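The values are calculated or read from the model by the stated rules, or taken from the named source; none is laboratory data. This structure is a prediction, so every number in the text was calculated from the model and none was measured. No Cβ is skipped: glycine too gets one built from the backbone with ideal geometry, and neighbour counts run over all protein chains shown. To get the accessible areas, we keep the full protein, side chains included, count just its heavy atoms, and leave off ligands, DNA and RNA. Shrake-Rupley method; radii C 1.70, N 1.55, O 1.52, S 1.80 Å.
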Amino acid sequence: MTNPTQYAPVHWTGEVIRRVLPNGLTVLVESNRSAPVVAAVTHVKAGYFDEPDEWVGISHVLEHMYFKGTARRGPGELARETQLLGGYLNAGTIYDKTVYYTVLPAAPGSLERAVDLQADALMRPQLDADELGRELEVIIQEVKRKLDTPAAVAGETLYELLFAQHRIRRWRIGTEGGLRKLEAEHLRAYYRTRYTPERTIVVIVGDIDADAALELAAQTYSGWQTDKPHRDPAPAETDSPPPSLRIIRGDIERPIAVVGWRTVDTIHPDAVVLDLAGAVLGSGRGSWLSRGVRTPGLASSARSFHYTTSEVGVFEMAFEGEASRIDDAVARGLELVAGLRSDGPSEPDMERVRSLMTAQWSRRLETMDGRATLWGECEALGGYALADRFYGDLLNATAEQVTGVARSYLDPAQSASVMYGGAQFQTRYEDAPWAPSPIAGVGIEVVNLQAPARKGAGPGRAPAPPMIGEVSHVALPGVDLLIRPKTGTGLVYLGAYVLGLRNAETADTAGVSALLARCALRGAAGSDSEQLALAAEMLGGAIAPSVSADVVGWGVTVRAPLLGRAAALVHAVACEPTLRSEDIAIERSLQASDARRQRDDMFAYPIRRTLALALPRSPYGLSTLGDPEAVPHLSNDLVREWAGELLQRRLTIIAVGDLGVDEMVESLRIFETWPAAKPTPPLAHDGEWEAAHDVETRDKAQSAIAMGFPSASYTSPDRMPLIVAGSFLSGMAGRLFEELREKRSLAYTVAAMPWLKRNVGAVLTYVATSPEREEEARDAMLGELVATGAGEIDERDIERARAYAAGVLQLRLQSGHAVAGEIMDSWVHGGLESLPRLADDLRAVTAEEVRDVAARVFRPEERAEFVVRGTGMG
């Protein structure tokens, strides 16, 4: 059977202009005025594949040194200048490329400054030996952080098993021993021979004049001359991989299992079809793995995806779950792969994944840097117009093609697997060869894909709704509609939230709001979990639960014309959850597993435990998922009682996207039937801040130190100075980054973050370092925080922090989902009227206000502190 719907070609790249300069450098320019933003991206065709064995990780080291000074600018000045303009710069290295980007709010001179910053770093890096020595210590901390990240260990180990020769098998950012051997001359030699005009693509996208941008790029880059480019090809694989399994045991709470197959490079005709196969199996709640593995409770997470580079590819399945069931999850996953190879997907399966994946394209292309990086990637592969080809292949691939690639590439006899568990982890595969013989011919029944019928929508049109700031507000009997048009993507984000429900949670009932939100997706209004998932994914999105300290709800992003159908689905989930006992039991088990897994997150876990120490009698001190030992005791009756309480609370609906206000209001009228009877309760804060300390020793490569300092709340006049203080301290030009990371090489990750709620606030800090330097890192952190309050602030740094805080807000609002998040945050905390002037309020903060708030907040004796103390792993 062929694809019954032949889609018309889509030309995403129609406005892109290409020019190759005389020195071989390629320039791509696109004028896009959908947001007042400019992105300048430098794509260098050099990555881990270009490294000889003696220089493993050098591409990543060079990426770090990109920010360490040029002939014109000293270390850190690139970041400081960028933040002064209200923007950010960053970079990423992967197997076949290194990408650098500068993103700025559009303003007179923004384009020129963005290009100048990128060009200076590209063409004139200093690569100083002393700076390299300090930065290597930072990168070694990054290596240790990866060793403490179970998913990274499992994933890269899988590549090692799949490839015997190719460089993708190596630990990609290098090892501590190998990195310590790198010298400045090695870095300069790598730069001279890999960073050449012929291997460089500069992409400029945003609110610009395209002709002026082309001329600016030509003037800036034409004079760049380097050595001849050097290519040291990675050795190719010659034989098919034998089936193999590696079992890893370590200090982790919840096992991970990954299964993989070797596939093809990005531009191979089968690559996009394999992408679709990965989505059929493992993208969204309507996927085969979600329905066949997560829904029955075999694993908390089950997904699959196809990853490609310019040379090789990997098809991967990944599972996380309890040790007692992880073997069953893997076995079931392999059965589903066998079903894909024998029977293939149905046409509804294909329509579901096309809808999801086309929406993913639209979301990526919402942002200027998203567009620029995609055009650069495609140009490096053979031409920026490949983006249109890939999109067309996605739309027009057939179910028969998906079946064909599954048969060609996903042979269990050529698979490899990694299973990573705790010290006592056991698997039945340990005593048997890894070459499972899954049951062939397993399919998944296709169910009704229609959204639940819309009920009770009232007739007629409402008058033009009043505005609160830039948001239209429609107050219905039990519901507040908050609506903001945002054009240019063809998408709408829809969220439905109840405020204050989590305030009623106690230590014994913590997690019940999350459990209700998750269980509601297992059945509602006569539809089961598969029907709900498939119906949403046919609209281009997936309904996701959203539970935070203040709100409980659900959100989804869909194609704009289908908002009404999405509203019917979300209404059904929120208003008519089935809550069958067997569904609650499965989800309760999965949530307990997810709660246990939180201990494996070396960033979020110490932060959460710090809040728990500081606010032991407040809902803010409780985990949204609950305590893993208490969650199994959350009863079915309690969950149903919580659902009834939710229906009694006033509902907030947020819609942001590519429709007019009237169209969105009309599409959301189904929520007029919401039965709320109680006013929204105040977001209470019970209990005083406690200056408590605790330590947990783990077999980890690093020690993570989280601190919390009590501050004013969201509604206080201190809010803006606290946000600017966070920008002053954090980020690549921030004081903590400069002092703890750049000068002392204490850490890879260091941060200070205002945490502001309606009635309580804090500044949270984090640093992770080698265990032997824990005390030094703590003292350095406290020293810099206290110094900030003591007045040791340069006015230019505050100017930078103000501009950065305001600019990041502007850049973040390129995404409809992010706009909705800002609206929700402001609505919850009573600041919706001030949202349009937030950037101006940030720019008005003075250095004296930052010093004053820092002096009042950063009192070491008042801090709460939690430490995950690593042993160094031997």
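Taking the Cα centroid of the range 124-141 and of the range 778-857, what is the distance between the two, rounded to the nearest whole Å?
Using only Cα atoms to place each centre, the spacing works out to 30 Å.
Be a star and scan the range 855-874 for residues whose amide nitrogen sits under 20 Å from the point 7 Å along the Cα-to-Cβ vector of V786.
Inside the label zone: 855-867.
So in the chain, what percent of DSSP beta bridges are antiparallel if you round to the nearest 5?
So the antiparallel bridges in the chain amount to around 80 percent.
Select from the range 167-267 those GluC sites (Glu not before Pro) which occupy a DSSP coil region and have at most 15 other Cβ atoms within 10 Å, ordered by residue number.
Sparse-neighbourhood loop GluC sites (Glu not before Pro): E183.
Hey, any idea what Rg/Rh is for the range 70-208, computing Rh the Kirkwood way over Cα pairs?
1.00
Take peptides 510-520, 296-306 and line them up by average Cβ neighbours within 10 Å, highest first, as a rough protection proxy.
Highest-to-lowest ranking by the protection proxy: 510-520, 296-306.
Can you list residues from other chains, or at least 5 along the same chain, whose modelled amide H is less than 5 Å from the amide H of G761?
Distant-sequence amide H within range of G761: S711.
Please enumerate, by chain and number, the aspartates and glutamates with C-alpha under 17 Å from the C-alpha of K45, excluding those fewer than 8 residues away in the same chain.
Of all the aspartates and glutamates, those that pass the test against K45 - Cα under 17 Å, at least 8 places apart if same chain - are E63, D96, E198, D227, D232, D265, E311, E377, E379.
Amide H to amide H, which residues 5 or more places from S527 or on other chains are under 5 Å from it, using H placed in the peptide plane?
Long-range HN contacts for S527: none found.
Would you mind checking which residues have amide H under 5 Å from R698's amide H? H placed 1.01 Å from N; only 5 or more apart, or other chain.
Those qualifying (amide H under 5 Å, at least 5 residues apart or on another chain) are R869, G870, T871.
Could the peptides 533-542, 837-846 be put in order, highest first, of the mean number of other beta-carbon atoms found within 10 Å of their residues?
Ranked by mean Cβ neighbours within 10 Å, highest first: 533-542, 837-846.
Placing unit charges on C-beta atoms (Lys and Arg positive, Asp and Glu negative, everything else neutral), compute the dipole magnitude of the range 740-812 about its Cα centre in debye, rounded to 20.
Approximately 500 debye in magnitude.
Under a straight-distance cross-link criterion of Cα-Cα below 15 Å, which aspartates and glutamates are reachable from K486, leaving out those fewer than 8 residues away in the same chain?
Cross-link targets: E366, E470, D658, D662, E663, E822.
Once the convex hull of the alpha carbons of the range 640-737 is built, what does its volume come to per residue, in cubic angstrom?
Considering the Cα atoms of the range 640-737, their hull volume per residue is 297 Å³.
Using the Kirkwood radius built from alpha carbon pairs, what does the Stokes-Einstein equation give as D for the range 688-730 at 20 °C and 1.002 mPa s, in µm² per second?
160
Quote the convex hull volume per residue of the range 2-157, based on C-alpha atoms, as a whole number of Å³.
Looking at the range 2-157, the number lands at 219 Å³ per residue.
Can you give the percent of C-alpha pairs in the range 299-437 whose distance is more than 23 Å?
The answer is 49 percent, as a whole percent.
Of all GluC sites (Glu not before Pro) in the range 596-685, which ones are in loop regions per DSSP and have a Cβ with at most 15 other Cβ atoms within 10 Å?
Answer in residue order: E629.
Put +1 on the Cβ of each Lys and Arg and -1 on the Cβ of each Asp and Glu in the chain; which of T557, V750, V293 then has its Cα farthest toward the positive end of the dipole?
About the Cα centre, the residue reaching furthest to the positive side is T557.
Can you tell me the dipole magnitude for the chain around its Cα centre, using point charges on the Cβ only (Lys, Arg +1; Asp, Glu -1), in Debye to the nearest 20?
840
How large is the Kirkwood hydrodynamic radius of the chain, in angstrom, based on all distinct alpha carbon pairs?
Evaluated over the chain, this radius sits at 28.6 Å.
At 1.4 Å probe size, with every protein chain present, just tell me what the per residue accessible area of the chain comes to in Å².
Accessible area per residue, the chain: 36 Å².
If I ignore ligands, DNA and RNA and count only protein heavy atoms, how much of S546 is accessible to a 1.4 Å probe, in Å² to the nearest 10?
40
Summing -39500 (n - 2.57) over the DSSP H runs of n ≥ 4 in the chain and dividing by its residue number, what mean residue ellipticity at 222 nm do you reach, to the nearest 500 deg cm²/dmol?
-11500 deg cm²/dmol
Which peptide among 35-42, 620-627 comes first, and what is the full order, when sorted by highest mean count of other Cβ atoms within 10 Å?
Descending packing order for the listed peptides: 35-42, 620-627.
Please provide three numbers in whole Å: the alpha-carbon extents of the range 290-340 along the principal axes, with the largest listed first.
Cα spread of the range 290-340 along its principal axes, largest to smallest: 38, 22, 16 Å.
For the range 589-694, what D do you get in µm² per second when you plug the Kirkwood radius from alpha-carbon pairs into Stokes-Einstein at 4 °C and 1.567 mPa s?
74
Quick one: check the C-alpha center-to-center distance for the range 571-617 versus the range 190-234, whole angstrom.
48
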